[in-house]
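The values are calculated or read from the model by the stated rules, or taken from the named source; none is laboratory data. Since this is a predicted model, take the numbers as computed values, not measurements. Here the Cβ is made from the backbone with ideal geometry for all residues, glycine too, and neighbour counts use every protein chain on show.
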Amino acid sequence: MGRRPLWIAALLLVGAAGAFWGAGSVPIALLSLAAVAAVVALSGTARRILGALLIVVGIAAAFSGHWLAIAGGVLVAGSGALQVALGARMPKIGVGGQKARSHDPEADMWRALERGDDPTDDKTPGGPSSNE
């Protein structure tokens, strides 16, 4: 499926934040920006629940009367609808997408140095005796 729907949902929220900011609805603009982080971090059912909440927020915000707030509400509701419809299939960005770190003796030595350990010491984890 790809990541396109995820980024479309995030960009709709960024656009909504700009519209709400322009309309003077700063709290809803900040909520829209926080929702961008949530959309990227969540997956599955949690993302679909967030989408349903965003639909409600978008509809409520559109009733403020200012044309920018109406546009922002439409964008938030659109992002929410996209998440409800495709949220379970959108990829999760974060720790789960990283590959497991393979054992690399040179990298282990650099990590030991970063911790302040002597990697050449036989008693240090990752030292010469642990590679045998």
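Numbers below:
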{"item": "A37, sole failed condition from (1) buried (at least 19 other Cβ atoms within 10 Å of the Cβ); (2) small (G, A, S); (3) at pLDDT 90 or above", "result": "(1)"}
{"item": "Test: residue in the stretch 16-28 that is among the β-branched types (V, I, T) and within 18 Å of the chain's Cα centre (by Cα)", "result": "no"}
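Rundown of residues vs (1) surrounded by fewer than 17 Cβ atoms within 10 Å (Cβ to Cβ); (2) of a type in the set (A, V, I, L, M); (3) modelled with pLDDT under 90, yes/no style:
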residue: L68; (1), (2), (3): no, yes, no
residue: V76; (1), (2), (3): no, yes, no
residue: L82; (1), (2), (3): no, yes, no
residue: R89; (1), (2), (3): yes, no, yes
residue: I93; (1), (2), (3): yes, yes, yes
residue: P105; (1), (2), (3): yes, no, yes
